[in-house]
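The structure that follows is given in the form of structure tokens.
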Amino acid sequence: MLGALSKLCGLRAFCLCALLVLAGCETIKPQPAPPGPAPAPAPAPVPTPAPGPPRETPKPPAAETGVLRQASWSDLPEWPAEDPSQAWDAFLIGCRALVKQDAWRNICTVADSIQRPDRETARRFFESSLTPYQVVDAEGSEEGLITGYYEPLLRGSRKPSARYRHPLYGVPDDLLVVDLTEVYPELKGLRLRGRLDGRRIVPYYDRGQIELGQAAIRGREIVWVDDAIELFFLQIQGSGRIALEGGETLRIGYADQNGHPYRSIGRLLVERGEMPLEKASMQGIQAWARANPARVTELLNQNASYVFFRELPAELTGPLGALGVPLTERRSVAIDSRFVPLGAPVYLATTWPLSSRPLNRLMLGQDTGGAIRGAIRADFFWGFGPEAAREAGRMRQSLRMWVLLPNAYRVPAGER
């Protein structure tokens, strides 16, 4: 962001820089990659998309600090052993959004015409329509980090009580979201958050201030829950379910954020010497909170970031990701959309949590996250339930990643 701002000049640059310092900023959930010509025809028995006129294809959103290196299918670890048909339903769900893009329209149209493909039919489709690119960081490293997330279940009520006293808030009326892209194209992908103080835009309230009621949150309560630490982890996951006293279950999803950067409380506990690094998992933090109830509020307030929610339709098959479609357990993954086009298939090479057993899998980059920053960075969506929570809480290991893009993409030589 500072590199982009340096391109501005004079008073406008100074004013804009001051605004960025005052008001927190967050990456906008961008549109998928720009259009390209139709993909190459797939061999029988897969139907072939109708060819389109050739056109110049802009580069995919990559190399601010990352590079896409063209690869071959044989470079993907254990690709012959993977069953791409297991990712087919998730791919079709993503195509509900991708089909609106010229680059993906023919590919998604053909995919929609294939009913329940077997393993080899799905493999031929992906191999004939897409080209793999390995994601590499600016220093040339091929390794990054993968973590996990899940859809939690909390207990709650529509009305506050002595038990249910921790509210989930909708977006407050005084939260400003400023998009300067039309005036400053250098800031594409960024938007600012703040509030008005007289005629000035200042940073929005941090977590502690919001919890004290300083923000315009009165009347924005959606539901109250019985556990502050569980609510904190719901904000990190971004979506979840609330089991109400009467038996109803609500789906809750991300609506907005206060603009402050995320800070890991697990890392903070390690730095304070209160927890060894190997115990700094979600389960370890929860255990610490149970043992130190009087210190929970102080710890949580060290992370100034705060998430606001909205109620989602109960009939959704999964939580909504940044692509705007329901996530699929163990097939959807959150990525940094500055480097990997949102919605694109990705191939992950990592291991199962707390294990050396390989986990090499075709996934769909259908979500983003405030803590998912960097070229080789991903967050594996494990789904809903105790097993998903266990695996997500333990997942933190090395990752190599490939993004699969339509054959029409031509990545500039400087980014190969």
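Check Y150, Y133 and return the single one that is within 30 Å of G247 (Cβ to Cβ) and crowded, with 22+ Cβ neighbours inside 10 Å.
One residue alone meets the criteria, Y150.
Out of all the residues in region 334-384, which are in contact with a helix residue (DSSP H, G or I) (Cβ under 9 Å, 6 or more places away or on another chain) and hydrophobic (A, V, I, L, M, F, W, C)?
L342, A344, W352, L354, L362, M363, L364, A371, F380, F381, W382
Any chance region 401-410 includes a residue that's touching a residue at least 60 places away in the same chain (Cβ under 8 Å), over 30 Å from V171 (Cα atoms), assigned to a loop (DSSP other than H, G, I, E, B) and open to solvent by 20 Å² or more (accessible area, probe 1.4 Å)? Show your work before the answer.
If we filter region 401-410 for residues that are touching a residue at least 60 places away in the same chain (Cβ under 8 Å), which is where we start, we get 401-410.
Imposing the further condition that a residue be over 30 Å from V171 (Cα atoms) reduces the set to 401-410.
With the extra rule that they be assigned to a loop (DSSP other than H, G, I, E, B), the set shrinks to 407-410.
Right, trim to open to solvent by 20 Å² or more (accessible area, probe 1.4 Å) and you get 407, 410.
Taking every residue of region 401-410 in turn, at least one turns out to be touching a residue at least 60 places away in the same chain (Cβ under 8 Å), over 30 Å from V171 (Cα atoms), assigned to a loop (DSSP other than H, G, I, E, B) and open to solvent by 20 Å² or more (accessible area, probe 1.4 Å).
May I ask you to say which residue of P117, P77 is closer than 24 Å to P353 by Cα, outside any helix (DSSP H, G or I) and not acidic (D, E)? Break it down stepwise before answering.
Values: P117 fails: closer than 24 Å to P353 by Cα.
Result: P77 is the single residue among P117, P77 that is closer than 24 Å to P353 by Cα, outside any helix (DSSP H, G or I) and not acidic (D, E).
Which numbered condition in (1) modelled with pLDDT of 95 or more; (2) surrounded by fewer than 17 Cβ atoms within 10 Å (Cβ to Cβ) is the only one that R123 fails?
Of the numbered conditions (1) modelled with pLDDT of 95 or more; (2) surrounded by fewer than 17 Cβ atoms within 10 Å (Cβ to Cβ), the odd one out for R123 is (2).
Looking at G343, G259 in this structure, which one is at positive phi, out of contact with any Lys or Arg (no Cβ under 9 Å at 6 or more places or on another chain) and either surrounded by 15 or more Cβ atoms within 10 Å (Cβ to Cβ) or among the small types (G, A, S) (or both)?
On the way: G259 fails: out of contact with any Lys or Arg (no Cβ under 9 Å at 6 or more places or on another chain).
Among G343, G259, only G343 is at positive phi, out of contact with any Lys or Arg (no Cβ under 9 Å at 6 or more places or on another chain) and either surrounded by 15 or more Cβ atoms within 10 Å (Cβ to Cβ) or among the small types (G, A, S) (or both).
Quickly run through region 264-277 and pick out the residues that are within 26 Å of the chain's Cα centre (by Cα) and over 21 Å from P386 (Cα atoms). Spell out the reasoning first.
Going through region 264-277, the residues within 26 Å of the chain's Cα centre (by Cα) turn out to be 264-270, 277.
Selection gives S264, I265, R267, L268, L269, V270, L277.
Restricting attention to region 67-116, which residues are among the small types (G, A, S) and surrounded by fewer than 22 Cβ atoms within 10 Å (Cβ to Cβ)?
Going residue by residue through region 67-116, those that are among the small types (G, A, S) are 71-72, 74, 81, 85, 87, 90, 94, 97, 103, 111, 113.
Answer for region 67-116, where residues must be among the small types (G, A, S) and surrounded by fewer than 22 Cβ atoms within 10 Å (Cβ to Cβ): A71, S72, S74, A81, S85, A97, S113.
Separate question: Looking at A111, A103, A162, which one is aliphatic (A, V, I, L, M) and part of a loop (DSSP other than H, G, I, E, B)?
Values: A111 fails: part of a loop (DSSP other than H, G, I, E, B); A103 fails: part of a loop (DSSP other than H, G, I, E, B).
None of the others qualify; the one that does is A162.
Residues to consider are E221, E211, E230; find the one that is surrounded by fewer than 16 Cβ atoms within 10 Å (Cβ to Cβ), of a type outside the set (F, W, Y) and under 30 Å from M282 (Cα atoms). Let's see the steps before the verdict.
On the way: E211 fails: surrounded by fewer than 16 Cβ atoms within 10 Å (Cβ to Cβ); E230 fails: surrounded by fewer than 16 Cβ atoms within 10 Å (Cβ to Cβ).
Result of the check over E221, E211, E230: E221.
Related question: Only one of (1) farther than 22 Å from L342 by Cβ; (2) assigned to a strand (DSSP E or B) fails for Q214. Which number is that?
(2)
Now a separate question. Being farther than 30 Å from L68 by Cβ and either touching a helix residue (DSSP H, G or I) at 6+ places or on another chain (Cβ under 6 Å) or among the small types (G, A, S) (or both) narrows it down to one of G170, G144, G148, so name that one. First the steps, then the outcome.
Working: G144 fails: farther than 30 Å from L68 by Cβ; G148 fails: farther than 30 Å from L68 by Cβ.
Testing whether each residue is farther than 30 Å from L68 by Cβ and either touching a helix residue (DSSP H, G or I) at 6+ places or on another chain (Cβ under 6 Å) or among the small types (G, A, S) (or both) leaves just G170.
Within 24 Å of D75 (Cβ to Cβ) and surrounded by fewer than 21 Cβ atoms within 10 Å (Cβ to Cβ) - does that describe any residue in region 384-396?
no
Something else about it: Restricting to region 174-204, count the residues that are modelled with pLDDT of 80 or more, small (G, A, S) and surrounded by 14 or more Cβ atoms within 10 Å (Cβ to Cβ). Working first, answer last.
Going residue by residue through region 174-204, those that are modelled with pLDDT of 80 or more are 174-178, 192-204.
Checking which are small (G, A, S) leaves us with 194, 198.
This time we only want the ones that are surrounded by 14 or more Cβ atoms within 10 Å (Cβ to Cβ), so: 194.
Selection size over region 174-204: 1.
The values are calculated or read from the model by the stated rules, or taken from the named source; none is laboratory data. These figures come from a predicted structure and were not determined experimentally. In this analysis, Cβ positions are derived from the backbone assuming ideal geometry, glycine residues included, and neighbour counts consider all displayed protein chains. Ligands, DNA and RNA are excluded from the accessible area calculation, which covers all protein heavy atoms including side chains. Shrake-Rupley method; radii C 1.70, N 1.55, O 1.52, S 1.80 Å.
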